[in-house]
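Taken together, the values in this text are just the output of simple stated rules run on the coordinates, not laboratory data. This structure is a prediction, so every number in the text was calculated from the model and none was measured. Positions of Cβ are generated from backbone atoms using ideal geometry, with glycine treated the same way; all protein chains shown enter the neighbour counts.
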Amino acid sequence: MIYVKNQRIKNLKEAEIIFCSFVPVGLEDYVNYFEKEFEKFTYLKWKFPHGKGNIFSEIIIAEKGGGNQKKKIFSFFTFKNKFFYFIFLPLNYFIYFCQSIIHLWKRNGGNRQRIFFGINYFCTFCGIILKKFGRIDFVIYRVMDFFPLPPKGIYRILNKIFYRIDKFCLNNADSIWFTTEGHIIGREKYGYFDRKKYNYQIIPLGININKFVIRPASEHEHSLVYCGVISKYHMFELLFEVLDELRNNFKNIRLKIIGSGPDEDYFKNLSIRMNLGKNIDFYGYVEEGELLKKTISESSLGIALYKDEENFMKYTEPAKVKYYLGFGIPSIISDVPVIARELDEKGVGLKVKNEKDEIVAIIKNFLDDAEKQKICKQKIVEFIKEINIDNLLDGCFKDTFKK
């Protein structure tokens, strides 16, 4: 195998950018930026192995002056049973790897250079292998998370494998873009990263201000919204207890749950057992569009609860809190990730301990105070300007390619 040495990208805007990611991960703003800024944009997106609903893998090719080509590609079955999920997980990834080779091997742009932009380690791994065969000229490793090693169980085995792939990507990517300082700290703690030896940048999660939506607080119904993976890690049991208590003050309060996940059926049954069926709406996966915009922007608060454990959330920046801000609503967020303190200090989020009485009191106080909601909206408008995704990406590309 011949390793192709790093090549300087001669003309950044005329290069082909290849974006490889799983869906849904809330990075459509990257897609919009790439389509706008590059002459040719290829998007290889894979359905998460645990993804449910109307989600599929596909490849999209957009070339200025040449229109868009879109093609669905094979996605393996989704298993509700965790045993079968883990048994077939290697096959899922093998299929994804083969698809990256099949669909990205041929260079159709003549002398056009190709930049591979991989989200997390598996996508980036595929890009590095393609580069070793001369199919790619430059690989950017966009790091979105870090998972500490669990004390036991199947995830301990999986994480050890992921660490090896992660280390391979760190050592072979041309540029590394971390989301937060915590991503570096976690890898240093586990002994396979030394910041002094690597070329890296930090780019926080941002928002497309052209899509920013905000409604006056007076138009809000009393409702909470959760958008993301439905799993026990996100503390739905506690959230349901909070909702049950809030019904004493807000009889018609609603909880809107957008997304799917391994514990979706469990929580649907739990909502029925707790007699919360009339107060909870399960939407499943909702595509970007008017329904999603209306559902989130008309809510009062976004939900971002996380267990206070030695897990990835201590080392990363949760995407959903800024996702909620993009629809003009603050989040109620566990005091676990570092960003919880920042959002609380800036007045665009509500930091809480994972205790029912405290969460109930803070939500009740917020919903009862129209002036507080109005001021929060004003602060969100100002904060959004600091995290304009176009400006953040412009800066990182200029630093990476010294333009």
Counting other Cβ atoms within 10 Å, keep those with at most 13, restrict to DSSP loop, and tell me which GluC sites (Glu not before Pro) in region 217-308 are left. Glu221, Glu287, Glu288
Label model pair Asn210, Lys385: point-to-point distance (7 angstrom along the Cα→beta-carbon line) in nm is 2.0
Given +1 on the Cβ of Lys and Arg, -1 on the Cβ of Asp and Glu, and no further charges, what dipole in debye does the chain carry about its Cα centre, rounded to the nearest 20? 1640
Quick query: amide H of Leu301 versus all other amide H atoms, modeled in the peptide plane; which residues come in under 5 Å with a sequence gap of 5 or more or a different chain? Ser223, Val225
What trypsin sites (Lys or Arg not before Pro) in region 255-297 are in a loop by DSSP, with at most 12 other Cβ atoms within 10 Å of the Cβ? Lys278
Quick one: plug the Kirkwood hydrodynamic radius of region 217-386 (C-alpha pairs) into Stokes-Einstein at 10 °C, 1.306 mPa s, and report D in µm²/s. 99
Along the dipole axis of region 195-291 (charges at Cβ: +1 for Lys and Arg, -1 for Asp and Glu; origin at the Cα centre), the most positive-end residue among Met274, Leu246, Gly206 is Gly206
Mean projection of the alpha-carbon convex hull of region 164-301 over all orientations, in nm²? 11.8
Using modelled backbone amide H atoms (1.01 Å from N, in-plane), which distant-in-sequence or interchain residues come within less than 5 Å of Phe22's amide H? Trp46
Listed by chain and number, the residues whose amide H is under 5 Å from that of Ile73, excluding neighbours fewer than 5 places away on the same chain and using placed H, are Ser57, Glu58, Ile59
Once the dipole of the chain is set up with Lys and Arg at +1 and Asp and Glu at -1 on Cβ about the Cα centre, which of Phe133, Ser175, Phe146 lies farthest towards its positive end? Phe133
Which Cα, out of Tyr285, Leu305, Tyr233, lies furthest along the positive dipole direction of region 217-386 (beta carbon charges, K/R +1, D/E -1)? Tyr285
Separation in nanometres of the label points that stand 7 Å from Cα toward Cβ, at Lys356 and Ile87: 3.9
Can you list the DSSP H helices in the chain whose Cα atoms extend at least 27 Å along the helix axis and whose mean Kyte-Doolittle hydropathy is -0.5 or higher? 82-104, 154-172
Yeah, region 51-197 with a ≥ b ≥ c from its alpha-carbon gyration tensor (a/c under 1.5 is rounded, else prolate when a/b outruns b/c, oblate otherwise) is oblate
Rounded to 5, percent antiparallel among DSSP beta bridges of the chain: 25
Check the chain for me: any Cys whose beta-carbon has no other cysteine beta-carbon within less than 4.7 Å? Cys98, Cys126, Cys169, Cys227, Cys376, Cys396
Links exceeding 26 Å between C-alpha atoms in this model, out of Lys45/Lys353; Lys13/Lys211; Lys167/Lys232; Lys10/Lys322; Lys232/Lys320, come to Lys45/Lys353; Lys167/Lys232; Lys10/Lys322
Backbone HN-Hα couplings from phi across region 331-338 [Karplus 6.51/-1.76/1.60, Hz, Gly and Pro as x]: 10, 9, 10, 4, 7, 10, x, 4
Output the Kirkwood hydrodynamic radius of the chain, Cα pairs only, in Å rounded to one decimal. 22.4
Which shape class, rounded, prolate or oblate, goes with region 112-242 when its Cα gyration tensor gives a ≥ b ≥ c as root eigenvalues, a/c under 1.5 marks rounded, and past that a/b bigger than b/c marks prolate? oblate
What 222 nm value per residue comes from the helices of the chain, counting each DSSP H run with n ≥ 4 as -39,500 (n - 2.57) and dividing by all residues, nearest 500 deg cm²/dmol? -12500 deg cm²/dmol
